[in-house]
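A quick write-up on the structure given underneath.
The values are calculated or read from the model by the stated rules, or taken from the named source; none is laboratory data. Treat the numbers as computed from the prediction; the structure is a model and nothing was measured. Note that we place each Cβ from the backbone using ideal geometry, even for glycine, and neighbour counts take in every protein chain shown.
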Amino acid sequence: MRSTPTAQAVLTLLAACMAAAPTVAQQKSAADGIAEYRAMLADGNPAELFEAKGEDLWKKKRGPKNASLEQCDLGKGPGVVKGAFVELPRYFADTSRVQDLESRLLTCMERLQGFDPVAISKTAFGQGEQLTMEGLTAWISAESRGLKFNLPQAHADERKTFELGKRAFFYRGGPYDFSCASCHGQPDKRIRLQDLPDLTKNPGNGIGFAAWPAYRVSSGEMWSMQRRLNDCFRQQRFPYPGYASDVTIALGVYMGVNAKGAESIAPALKR
Amino acid sequence: MHTRREMLTRSAQVAGMLAALGMLPGVAQAQTARYNTAAFDAKTMADLMKALGGAAPVESKDVTITGPDIAENGAVVPVGAATSLPGVKRLLLLVEKNPAMLSAMFDVSEAVEPNFSTRVKMGQSSNVFAVAMMADGKVLYAAKEVKVTLGGCGG
Amino acid sequence: MTHKKTLFLAAAAAATVLIAGCAAMGPKPDYDTLVAQMMTGSFRDEGIAKVDRLQQDASNAACSQAQGGSPPEAVANAIQQAALKSVRMPADGKFIGDWREGEKLAQNGRGMTWTDKSAAPAANGGNCYNCHQITKAEISYGTIGPSLYQYGKNRGVTDADSPTAKPIIEYTWTKLWNAKAYNACSGMPRFGHAGLLDEKQLKDLMALILDPKSPVNQ
Amino acid sequence: MADPMRIRAQAAGDKATVRVLMAHEMETGQRKDAAGKSIPAWYIQEVTAQLNGKTVLTAQWGPSVAKNPFLQFNVKGAKAGDKIGVAWVDNKGDKRTDETTVS
């Protein structure tokens, strides 16, 4: 956590460059500064607090049926959590739908525990049962940490959803004419100082799709992919996407399939 | 039964008195009733030292402040205070331009190293300080500037 | 709604041609209809962000279909021509406002989201630093668009009111008003055309990058 | 009730490094909600740490410590198998105590 003397010397040097040299050096030191900041935060990600809560919520008897989620099938059989996250979204025969982690959890919470999935979908982020979703997605993703994304595309609906997701990704609209691709369609771009992953292909281990859910430093909240997409659409100046709506699941399939082979670091730490 | 507010106010007064007398114990007594409200309300270094009964701080290379040059987000800024000097009673972490300067105050016992890291909120770019209050009454500090950038789309 | 339907139909017709081309591979899902269903079924109104924002005009429909590539040349040309025609030059013939105000707008990334209260230009920022380097002092800038540092200086603008500067002044105004005039699928919002910024705000942004006194051109 | 802390204590040489994450809003009292109403201050004011039941650290915090606080410190003489306890009390009087074993 502490700056070693060497690190401090480097920083001093960088500071000197910043004062004297033109744009290139300045930019480099800004990027280095941000990298240093992120490294300082890497140890002690508050996402751990949510993981612990999520594991508890998975095992606890809750809801009108007073049941746990331990028999929930996330795609690898009832109760199998390890490795499930890196294969989602996928097709589920018992619902005849392609589902992402959040929509699948809604199914389990409805069928096993008796919760109303529509009510949960309509609940504001950070409140009520949405807090349950934060914890569960944090823990379930953590159980696949270090594994590589490998979404199934064997079922026709999975392939169809990929194609729909691709079209949704490039769908331009709203007052700014933005699509997902406006920010995430090319490599090596930034907004302000934020690096933008190119989500049309595998952007690398622990980047983009492989970094969510994540603890958001700016708001001190745990964001699952559903919430990440919701805020993308907000900044895209689009109308409001429903929680676990078709477009969000289709985008999940598109990004997830593109991320094949990327190692998951979720739950990560993000600005 | 005292309300919590009364307790706090009273404890602040007591702490303030003790501090003024230089009697605030350096080693912990695990009681919440001595929260130093005056110190945590202080807007300036002078007010803060008054609330803590400390002398005017002097810059020292034996005190270390750690923190990033640039914080991607002011909501969470990792900072640390440490000193290599023996005889430190208390270490403080301050953010100069926050509405109240004092973020955290650590009482040092012989069983713990005078070296603490935490994370603070910063409203804007500012100097951050590590302040060491010594047993001999000296107050030493180190400062570092942390730039807070506007991240994301700014929306 | 009529407009929207027409576009979807046009898109569907184009898709039919494509699908016919690979009919041998068996029936394909009708993606254009499915996408339309997915979009309308997935979004709802929130604050100032209503679902009518999903309606695409000709340029957004064509550029979406191109999926990051370029639409057919004829389509692209038609989009650019229409965009060029949409541009309104300043009523008083003056293009350059106050670069200081322009800098504030460039810094401001707000506007038009469902958490914004008003869609009026006064409530909107320019979002410029999100994608462009502009002044040297601001190190937190994006790289989706080209650097605008020394934009006027590099183009030899020493007096923004001079006749020699006129072509670049008008080009820049057009770019800000409707970027699709020069590039059918430009990623830049159509600040004038879409009513995001008013004439005064655009003049202030013009000043930021073209006024020789602006820090951009030092 | 407050959520549990996450405490890690790792022995190295003649000391143990303790890292703590606490689940707490750390609300400053200076923010307003969507309706423009002030959100009341709610933050941890005191943190203590114990080695095998004996207090080794007392800290006082203000509202500018970041949400879901992190704290790192080194306890002298702590070795594998020792108990490290951490406790906090906030300005509403809520409290939480957790314990871990040094590894």
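Listed here are the residues, each with its yes/no results for (1) part of a helix (DSSP H, G or I); (2) surrounded by fewer than 14 Cβ atoms within 10 Å (Cβ to Cβ); (3) modelled with pLDDT under 95; (4) more than 11 Å from chain B (Cβ to nearest Cβ).
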| site | (1), (2), (3), (4) |
| --- | --- |
| A:3 | no, no, yes, no |
| A:6 | yes, yes, yes, yes |
| A:17 | yes, no, yes, yes |
| A:40 | yes, no, yes, no |
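Residue A:212 fails exactly one of the following numbered conditions: (1) farther than 21 Å from residue C:113 by Cα; (2) in contact with a Pro (Cβ under 6 Å, 6 or more places away or on another chain). What is the number of that condition?
(2)
Go through the range D:1-93 and tell me which strands (runs of 3 or more DSSP E), entirely inside it, have 3 or more residues that are more than 10 Å from chain B (Cβ to nearest Cβ) and within 25 Å of residue A:42 (Cα to Cα).
Of the strands (runs of 3 or more DSSP E) lying wholly inside the range D:1-93, those with at least 3 residues that are more than 10 Å from chain B (Cβ to nearest Cβ) and within 25 Å of residue A:42 (Cα to Cα) span D:6-12, D:83-90.
Among the residues in the range C:146-168, are any under 30 Å from residue B:125 (Cα atoms) and polar (S, T, N, Q)? Explain how you work it out, then say what you get.
From the range C:146-168, those under 30 Å from residue B:125 (Cα atoms) are C:146-151; that's our starting set.
Next cut, polar (S, T, N, Q) only: C:147, C:150.
Yes: one or more hits.
Within the range C:128-218, which helices (runs of 4 or more DSSP H) (wholly inside it) include 2 or more residues that are surrounded by 21 or more Cβ atoms within 10 Å (Cβ to Cβ), of a type in the set (D, E, K, R) and in the same structural domain as residue C:103 (by TED's automatic domain parsing)? Walk me through how you get there before you give the answer.
Working: elements: C:128-131, C:151-154, C:166-177, C:199-210.
Result: C:199-210.
Checking the conditions here, which among A:10, A:80 is β-branched (Val, Ile, Thr) and modelled with pLDDT of 70 or more?
Of A:10, A:80, the one residue that is β-branched (Val, Ile, Thr) and modelled with pLDDT of 70 or more is A:80.
Condition first: more than 20 Å from residue C:133 (Cβ to Cβ) and basic (Lys, Arg). Now tell me which residues in the range C:148-185 satisfy that.
Selection gives C:166, C:180.
Determine if the range A:197-205 includes at least one residue that is touching a strand residue (DSSP E or B) at 6+ places or on another chain (Cβ under 7 Å) and hydrophobic (A, V, I, L, M, F, W, C). Outline the logic, then answer.
In the first step, residues of the range A:197-205 are kept if they are touching a strand residue (DSSP E or B) at 6+ places or on another chain (Cβ under 7 Å); the result is A:205.
Then drop every residue that is not hydrophobic (A, V, I, L, M, F, W, C), which leaves none.
No, there is no match, as no residue in the range A:197-205 is touching a strand residue (DSSP E or B) at 6+ places or on another chain (Cβ under 7 Å) and hydrophobic (A, V, I, L, M, F, W, C).
Considering only residues that are within 14 Å of residue B:92 (Cα to Cα), crowded, with 24+ Cβ neighbours inside 10 Å and not β-branched (Val, Ile, Thr), look in the range B:118-138 and name the one that is nearest to the other protein chains (Cβ to nearest Cβ).
Ranking the candidates gives B:119 first.
Those residues that are within 14 Å of chain A (Cβ to nearest Cβ), part of a strand (DSSP E or B) and not small (Gly, Ala, Ser), I need them from the range B:74-90; list them, please.
B:77, B:78, B:79, B:83
Is it the case that residue A:188 is among the acidic types (Asp, Glu), on the phi > 0 side of the Ramachandran plot and buried (at least 20 other Cβ atoms within 10 Å of the Cβ)? I'd like the intermediate steps shown before the answer.
Working: among the acidic types (Asp, Glu): yes; on the phi > 0 side of the Ramachandran plot: yes; buried (at least 20 other Cβ atoms within 10 Å of the Cβ): no.
No, not satisfied.
Determine whether the range D:40-52 contains at least one residue that is buried (at least 17 other Cβ atoms within 10 Å of the Cβ) and over 21 Å from residue B:34 (Cα atoms). Working first, answer last.
Kept after step one, since they are buried (at least 17 other Cβ atoms within 10 Å of the Cβ), are these residues of the range D:40-52: D:41, D:43-51.
In the following step, the residues that additionally are over 21 Å from residue B:34 (Cα atoms) were identified as D:51.
Looking through the range D:40-52, at least one residue is buried (at least 17 other Cβ atoms within 10 Å of the Cβ) and over 21 Å from residue B:34 (Cα atoms).
Counting just the residues of the range A:195-209 that are within 14 Å of chain C (Cβ to nearest Cβ) and either in a loop (DSSP other than H, G, I, E, B) or in contact with a helix residue (DSSP H, G or I) (Cβ under 7 Å, 6 or more places away or on another chain) (or both), which one comes out surrounded by the fewest Cβ atoms within 10 Å (Cβ to Cβ)? Walk me through it before giving the result.
The first filter runs over the range A:195-209 and keeps only residues within 14 Å of chain C (Cβ to nearest Cβ), leaving A:195-201.
Now drop any that are not either in a loop (DSSP other than H, G, I, E, B) or in contact with a helix residue (DSSP H, G or I) (Cβ under 7 Å, 6 or more places away or on another chain) (or both), which leaves A:196-201.
Working: A:196: 20, A:197: 21, A:198: 19, A:199: 22, A:200: 20, A:201: 12.
Residue satisfying both the conditions and the ranking: A:201.
Considering only residues of the range A:168-192 that are over 20 Å from the mean Cα position of the chain (by Cα) and either within 7 Å of another protein chain (Cβ to nearest Cβ) or of a type in the set (S, T, N, Q) (or both), which is farthest from residue C:184 (Cα to Cα)?
A:192
Taking into account only those residues within the range A:230-255 that are within 13 Å of the chain's Cα centre (by Cα) and either buried (at least 24 other Cβ atoms within 10 Å of the Cβ) or touching a residue at least 24 places away in the same chain (Cβ under 8 Å) (or both), which is nearest to residue A:201 (Cα to Cα)?
Taking the range A:230-255 and keeping what is within 13 Å of the chain's Cα centre (by Cα), we get A:230-232, A:248-249, A:251-253, A:255.
Okay, now just the ones that are also either buried (at least 24 other Cβ atoms within 10 Å of the Cβ) or touching a residue at least 24 places away in the same chain (Cβ under 8 Å) (or both), so A:230, A:232, A:248-249, A:251-253, A:255.
Values: A:230: 21, A:232: 18, A:248: 18, A:249: 17, A:251: 13, A:252: 13, A:253: 12, A:255: 8 Å.
Looking at residues that are within 13 Å of the chain's Cα centre (by Cα) and either buried (at least 24 other Cβ atoms within 10 Å of the Cβ) or touching a residue at least 24 places away in the same chain (Cβ under 8 Å) (or both), I get A:255.
Given the conditions (1) more than 9 Å from every other protein chain (Cβ to nearest Cβ); (2) modelled with pLDDT under 95, report the number of the one that residue B:141 does not fulfil.
Checking residue B:141 against (1) more than 9 Å from every other protein chain (Cβ to nearest Cβ); (2) modelled with pLDDT under 95, the one that fails is (2).
Which residue, of C:36, C:76, is modelled with pLDDT of 95 or more, under 18 Å from residue A:162 (Cα atoms) and surrounded by 12 or more Cβ atoms within 10 Å (Cβ to Cβ)?
Of C:36, C:76, the one residue that is modelled with pLDDT of 95 or more, under 18 Å from residue A:162 (Cα atoms) and surrounded by 12 or more Cβ atoms within 10 Å (Cβ to Cβ) is C:36.
Given the structure, is residue C:97 over 14 Å from the mean Cα position of the chain (by Cα), assigned to a loop (DSSP other than H, G, I, E, B) and either within 30 Å of residue C:75 (Cβ to Cβ) or more than 9 Å from every other protein chain (Cβ to nearest Cβ) (or both)?
Values: over 14 Å from the mean Cα position of the chain (by Cα): yes; assigned to a loop (DSSP other than H, G, I, E, B): yes; either within 30 Å of residue C:75 (Cβ to Cβ) or more than 9 Å from every other protein chain (Cβ to nearest Cβ) (or both): yes.
Yes, satisfied.
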